[in-house]
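Here, each number is a calculation from the coordinates, and none is a lab measurement. It should be emphasised that the depicted structure is a prediction, and the values quoted were computed from it without experimental measurement. Cβ coordinates were reconstructed from backbone atoms using ideal geometry, including for glycine residues, and neighbour counts include every protein chain displayed.
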Amino acid sequence: MKLSSIKAGSLYARAGLKNGDVVVAVNGLTAEDPGRALELWAKLKHEREVEVSVLRRGAPLTLRAPLAAP
């Protein structure tokens, strides 16, 4: 799922995601399509941290971040 329109302070921004990132997995679970990626994000509301595997400009990158609002 390619991301766009990341808003400051959003869950995506707090996780370190940027516009143009392609989400590959969330907490080790593969995000095969946009619907699955959104399903995985919805399950994060009770988690304290998230690990997101992305492709950023074609290079693999793993981001780890707390989900609690600052």
Using amide H atoms built 1.01 Å from N in the peptide plane, name the residues 5+ places from residue 67, or on other chains, whose amide H lies under 5 Å from its own. 49, 50
Convert each backbone phi in region 38-51 into a coupling constant with the Karplus relation 6.51 cos²θ - 1.76 cosθ + 1.60 (shift: θ = phi - 60°), then list the ³J(HN,Hα) values in order as whole Hz, x for Gly and Pro. 5, 4, 5, 4, 4, 6, 7, 4, 9, 8, 9, 9, 9, 10
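Given Cβ point charges of +1 (Lys, Arg) and -1 (Asp, Glu) and nothing else, what value in debye, to the nearest 20, does the dipole of the chain about its Cα centre take?
Details: 11 positive and 7 negative charges, 53 e Å.
It works out to roughly 260 debye.
One-quarter of the Cα convex hull surface for the chain, in nm²?
Working: hull surface 16.8 nm².
That works out to 4.2 nm², a quarter of the Cα hull's surface.
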